[in-house]
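S.K.: This is the structure, below, for whatever I ask next.
What follows draws every value from the coordinates through simple rules; no lab data is involved. Note that the structure is a prediction, hence the values are computed from the model and not measured. Positions of Cβ are backbone-derived with ideal geometry, glycine not excepted, and every protein chain shown enters the neighbour counts.
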Amino acid sequence: MATNPTTKLEAVNTMMTAIGETPVNSITSSTTTDVSIAIQILDNVSREVQSVGWHFNTDTDYKLIPNSSSQVELPSNALRVDTSGTSQSKDYVERARKLWDRENHTYTITDSEVKTDIVWFLEFTELPEAARRYVTIRASRIFQDRMLASDLLHKFHQVDELNALAVLKESEGDTRDHSIFDNYSVYSTIDRQNYQPKD
């Protein structure tokens with residue numbers, strides 16, 4: 001049987017069943033208060049989870065170009081930004097949704113471009129299934145805690161949440177292709193073993 005990734009409607013319905021409510025047919029038309037709260041919690045949890053910065057929502061060496069006022073405005077869905085590559089030495093941070101030069105105390109950026117590692121806030125339907133599942137389970141636990149405050153249900157949902165997080169981390173490890181050589185201290189230790197002093 002073919003299966004499709006979890007939709008936002010299915011995620012909300014999972015949350016509704018967590019408090020013993022009947023699933024709904026739509027979340028785009030007029031909704032009940034419970035559904036509205038569920039959608040809000042789902043969106044907040046998605047933002048919280050994605051703020052960590054995963055392989056699926058992070059771009060490296062992403063170019064940001066100053067505008068006509070020599071200011072670098074951040075994209076509206078950027079959650080986190082850090083200079084990288086040829087811009088690594090620049091001490092730029094986010095302030096007021098723009099890059100701020102901490103060394104010169106100004107929003108004016110004289111570089112023609114700034115290379116960054118940038119973490120994006122993606123729509124629920126843009127997330128890989130492991131992330132959708134974790135966001136759904138975590139949001140369900142929070143929703144249930146706020147609506148019912150049952151210690152027994154909390155424990156059940158907490159176990160599911162931890163399992164979903166483990167699956168997400170495993171997926172992250174598979175797609176990121178981690179290697180011990182990614183760690184400079186490990187690499188330098190191994191490299192020293194092959195060091196040949198000059199005569």
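S.K.: For helix 129-147, report the angle its Cα long axis makes with the longest principal axis of the Cα atoms of the chain; keep it between 0 and 90° and round to the nearest 10°.
M.R.: That works out to roughly 50 degrees.
S.K.: If you fit an axis through the alpha-carbon atoms of helix 8-18 and take the longest principal axis of the Cα set of the chain, what angle between them do you get, 0 to 90°, nearest 10?
M.R.: 50 degrees
S.K.: When every alpha-carbon pair in segment 57-120 is counted, what percent end up more than 15 Å apart?
M.R.: Numbers: 857 of 2016 pairs.
Considering segment 57-120, 43 percent of its Cα-Cα pairs are separated by more than 15 Å.
S.K.: Give me log10 I(q)/I(0) at q = 0.08, 0.11, 0.17, 0.19 Å⁻¹ for the chain, Debye formula, one equal scatterer per alpha-carbon, no solvent.
M.R.: Each listed q maps to, in turn, -0.42, -0.71, -1.09, -1.20.
S.K.: Okay, next question. Under the rule of -39500 (n - 2.57) per DSSP H run of 4 or more residues, summed and divided by the residues of the chain, what mean residue ellipticity at 222 nm is obtained, to the nearest 500 deg cm²/dmol? Don't jump to the answer; show the numbers that get you there.
M.R.: Values: 5 runs with 85 residues, N = 199.
Result for the chain: -14500 deg cm²/dmol, rounded to the nearest 500.
S.K.: Note down the magnitude of the dipole of segment 57-120 about its Cα centre, charges +1 on Lys and Arg C-beta and -1 on Asp and Glu C-beta and zero elsewhere, to the nearest 20 debye.
M.R.: Values: 8 positive and 11 negative charges, 37 e Å.
Result for segment 57-120 is approximately 180 debye, rounded to the nearest 20.
S.K.: If you don't mind, another one. Tell me, in nm to one decimal, what length is gained between SER89 and LEU165 on full extension, where the rule is 0.36 nm per residue of separation less the Cα-Cα distance? Kindly include the intermediate steps, with their values, before the conclusion.
M.R.: Working: separation 76, 0.36 × 76 = 27.36 nm, distance 3.43 nm.
Separation in residues times 0.36 nm, less the Cα-Cα distance, equals 23.9 nm.
S.K.: Please arrange ILE19, ILE118 by counting, for each residue, the other beta carbons lying within 10 Å of its beta carbon, fewest first. Each step should come with its number before you reach the end.
M.R.: On the way: ILE19 17, ILE118 23.
Listed from fewest to most nearby Cβ atoms, that is ILE19, ILE118.
S.K.: What are the trypsin sites (Lys or Arg not before Pro) within segment 50-133 that DSSP puts in a loop, where the Cβ has at most 15 other Cβ atoms within 10 Å?
M.R.: Values: sites: LYS63, ARG80, LYS90, ARG95, ARG97, LYS98, ARG102, LYS115, ARG132, ARG133; in loops: LYS90, ARG97, ARG102.
The qualifying sites are ARG97, ARG102.
S.K.: With point charges of +1 on the Cβ of Lys and Arg and -1 on the Cβ of Asp and Glu, referenced to the Cα centre of segment 57-120, which listed residue (SER112, ASN57, ALA96) lies farthest in the positive direction of the dipole?
M.R.: Projecting each Cα onto the dipole axis, the largest value belongs to ALA96.
S.K.: In addition: Could I have the simple spin-label model distance between HIS55 and ARG102, label points 7 Å from Cα toward Cβ, reported in nm to one decimal?
M.R.: Using points 7 Å along Cα→Cβ, the separation is 2.9 nm.
S.K.: Still on this model: By how many degrees, between 0 and 90 and to the nearest 10, does the Cα long axis of helix 184-193 differ from the longest principal axis of the chain?
M.R.: 50 degrees
S.K.: Which order results if ILE142, ILE109 are arranged by neighbouring Cβ count within 10 Å, fewest first? Provide the component values of the computation, followed by the final result.
M.R.: Details: ILE142 21, ILE109 24.
Lowest to highest Cβ neighbour count: ILE142, ILE109.
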